1. If you take the residues in segment 112-136 that are open to solvent by 50 Å² or more (accessible area, probe 1.4 Å) and among the β-branched types (Val, Ile, Thr), which one is modelled with the highest pLDDT?
2. Do we have any residue at all in segment 48-56 that's at pLDDT 95 or above, touching a Lys or Arg at 6+ places or on another chain (Cβ under 9 Å) and of a type in the set (Phe, Trp, Tyr)?
3. Quick one: is Gly150 in contact with a helix residue (DSSP H, G or I) (Cβ under 8 Å, 6 or more places away or on another chain), at positive phi and at pLDDT 85 or above?
4. Which pairs turn up if I take residues in segment 114-129 that are within 15 Å of Thr74 (Cβ to Cβ) and among the acidic types (Asp, Glu) and look for partners that are at pLDDT below 80 and assigned to a loop (DSSP other than H, G, I, E, B) with beta carbon separation below 8 Å, at least 6 apart in sequence or on another chain?
5. Could you grab me the full set of residues in segment 1-34 that are among the aliphatic types (A, V, I, L, M) and touching a helix residue (DSSP H, G or I) at 6+ places or on another chain (Cβ under 7 Å)?
6. Among the helices (runs of 4 or more DSSP H) lying completely within segment 3-111, list those that include at least 1 residues that are farther than 30 Å from Ser154 by Cβ, open to solvent by less than 30 Å² (accessible area, probe 1.4 Å) and in contact with a Leu (Cβ under 8 Å, 6 or more places away or on another chain).
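The values are calculated or read from the model by the stated rules, or taken from the named source; none is laboratory data. Quantities reported herein were computed from a predicted structural model and do not represent experimental measurements. All Cβ positions, glycine included, derive from the backbone under ideal geometry; neighbour counts span all protein chains shown. The accessibility values were calculated without ligands, DNA or RNA, using every heavy atom of the protein model including side chains. Shrake-Rupley method; radii C 1.70, N 1.55, O 1.52, S 1.80 Å.
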Amino acid sequence: LTLRQALPPATAAALSAMADEAAALPRGACYPWLLHDERSRVDGEVRICRVENFVKHHRGWGEVGLGLLQQLVTQAFRAPAVLFKDKINFKGPGGGGFLAHQDATAYATDKLATRHISVRLPIDDSTAHNGPLEVAPGQHRRGILPHETGIIVSEQEAAMRFEPRRRTIATR
């Protein structure tokens, strides 16, 4: 499901600055959020690659994640939605990507939830040049695919057809 221009223009325009603010949160075990770094394969620099558990601690992201997006997901799911996990993935030059996986292997368990929905909110344009999200259309209908610790097994991945989700953001 793709929703275009789902956010008010002022909110969409503020997302990049809000992501920078999340990346600049203080670090340390005494904080509820997590900031993760990785070393670039291009220049060896260490850069932020992910921020997690920040929405409840940032006014703007709280309005988006616990307000607008939660309302949209509730409508799409036709059931009350709750935020289970929030994160921003930063894709710097030479940074690592993600191996083929299904989010359900991390979220949908007897102890957590039997159903979930993942929401992608692109902040920057997704192009062939910067590595867009790739999906395998229709695979969600097959349930949980064979995997090892969440990573789809190579034989299964080789049989799948992936399509890039190239997208321009709706701030124009």
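1. Filtering segment 112-136 for residues open to solvent by 50 Å² or more (accessible area, probe 1.4 Å) gives 112, 114-121, 124, 127-130, 133-134.
Checking the rest, the ones that are also among the β-branched types (Val, Ile, Thr) come to 114, 117, 119, 127.
Working: Thr114: 70, Ile117: 83, Val119: 88, Thr127: 79.
Among them, the one singled out is Val119.
2. Yes; the residues of segment 48-56 include at least one that is at pLDDT 95 or above, touching a Lys or Arg at 6+ places or on another chain (Cβ under 9 Å) and of a type in the set (Phe, Trp, Tyr).
3. Numbers: in contact with a helix residue (DSSP H, G or I) (Cβ under 8 Å, 6 or more places away or on another chain): yes; at positive phi: yes; at pLDDT 85 or above: yes.
Here the answer is yes, as Gly150 does meet what is asked.
4. Listed by first residue and then by second, the contacts come to nothing, as the list is empty.
5. Leu1, Leu3, Ala6, Leu7, Ala14, Met18, Ala22
6. By residue number, 9-23.
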